[in-house]
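Here's the structure we're looking at; comments come further down.
The values are calculated or read from the model by the stated rules, or taken from the named source; none is laboratory data. Bear in mind that the values here come from a model prediction, so they are computed numbers and not experimental data. Quick reminder, even Gly has a Cβ in these numbers, built from the backbone with ideal geometry, and neighbours come from all protein chains shown. Only protein heavy atoms, including side chains, enter the accessible area calculation; ligands, DNA and RNA are left aside. Shrake-Rupley method; radii C 1.70, N 1.55, O 1.52, S 1.80 Å.
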Amino acid sequence: LTERREPKICFLPTASGDQREQVIRFHERFSRWPCEPTTLSLFHLGRDRIDPQAHLLSQDAIYVGGGSMRNMLAIWREHGIDRLMRAAWEAGIVLAGLSAGAMCWFEGGISLSGGRPEPVPGLGLLPGSLSVHRTSEPGRLPAYRRAMADGALPGGYALDDSVALLFVGRRLAEIVSSQPGA
C-alpha cells in the first residue's frame, strides 16, 4: 500500500503499555519481509532518544497495536501523537492497526479499558465507529448497539477477529478476512 519497495514501518505499542512481547512479535514478523521495521515506545523516550514527530513523519506506514484505546489516546494526547497522526494521514502515510489500533482511527469505538464495554471517542480520521472482537468478546456487540441507539457513537462496523477494513482516504475500499466465515 505504500508503493515503496522496502517501506519504513513503525510500530506503536502504546495501547499495551509498550509490552515487550508485542514488540518482539512485531519485529520477528516484519524482519522477514522487505521493509525497515522500527518501534516507537512513548514509555521509553528518554532511553531511546527518538524525536516522535521526526520519526513518525519519516515513515511509510505506522502500525498501532492492541490494548486499551482509552489509555493509548490519553498518552498520545500528552505527547502530541494524536495531532501527529492526523499530519501523517494527511501526508499519505499508511495508518494501520488491530483492536485498539484499528478503532482509534474512527470517531469512536467500544473499549474494555474501564472494565466493561463502553464507548470511547477516537481520532475521527475515519467516519463512523468501529467495534472489534465481535465474536471473541461477545459483551462488546450489545454495548455497541446501545451506544449507537443512544447516540453516544455514530453508526459503523462491528468486526470479527481476522477481518480488516481497507480505507482509501475516508472511503471504504475493501473488506478482507484471513479466516473463513469471519
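Quick one: pull the percent of accessible area on the chain belonging to carbon and sulfur, 1.4 Å probe, ligands and nucleic acids left out. Carbon-and-sulfur percentage of accessible area, whole number: 50. Helical runs assigned H by DSSP (4 residues or longer) give the chain a calculated mean residue ellipticity at 222 nm of -8500 deg cm²/dmol, each run adding -39500 (n - 2.57) before division by the residue total. Does the stretch 1-65 come out rounded, prolate or oblate, given a ≥ b ≥ c as the square roots of the eigenvalues of its C-alpha gyration tensor, rounded meaning a/c under 1.5 and, failing that, prolate meaning a/b above b/c? In terms of gyration-tensor shape, oblate. Counting only Cβ charges, +1 for Lys and Arg and -1 for Asp and Glu, the dipole size of the stretch 135-176 around its Cα centre is about 200 debye. For the peptides 158-169, 27-38, residues were scored by their other Cβ atoms within 10 Å and the scores averaged per peptide; the highest-first order is 158-169, 27-38. The value of relative contact order for the chain, using C-alpha pairs under 8 Å at least six residues apart, is 16 percent. Within the listed set ARG83, ARG70, ARG170, the Gaussian network model of the chain (springs between alpha-carbon atoms below 10 Å) gives the highest mean-square fluctuation for ARG170.
Mean separation of Cα pairs under 8 Å and 6 or more residues apart, divided by the residue count, gives the stretch 112-179 a relative contact order of 30 percent.
Using the empirical formula 2.2 N^0.38 Å as the baseline, the Cα radius of gyration of the chain reaches a ratio of 1.00. Summed over the residues of the chain and divided among them, the accessible surface reaches 53 Å² per residue at a probe radius of 1.4 Å.
Summary value for the stretch 10-93: 41 percent relative contact order, contacts being C-alpha pairs under 8 angstrom separated by 6+ residues. Among DSSP beta bridges whose residues both lie in the chain, state the antiparallel percentage, nearest 5. Antiparallel bridges make up about 35 percent of those DSSP assigns within the chain. If only the Cβ of Lys and Arg carry +1 and only the Cβ of Asp and Glu carry -1, the dipole of the stretch 1-135 around its Cα centre is close to 220 debye.
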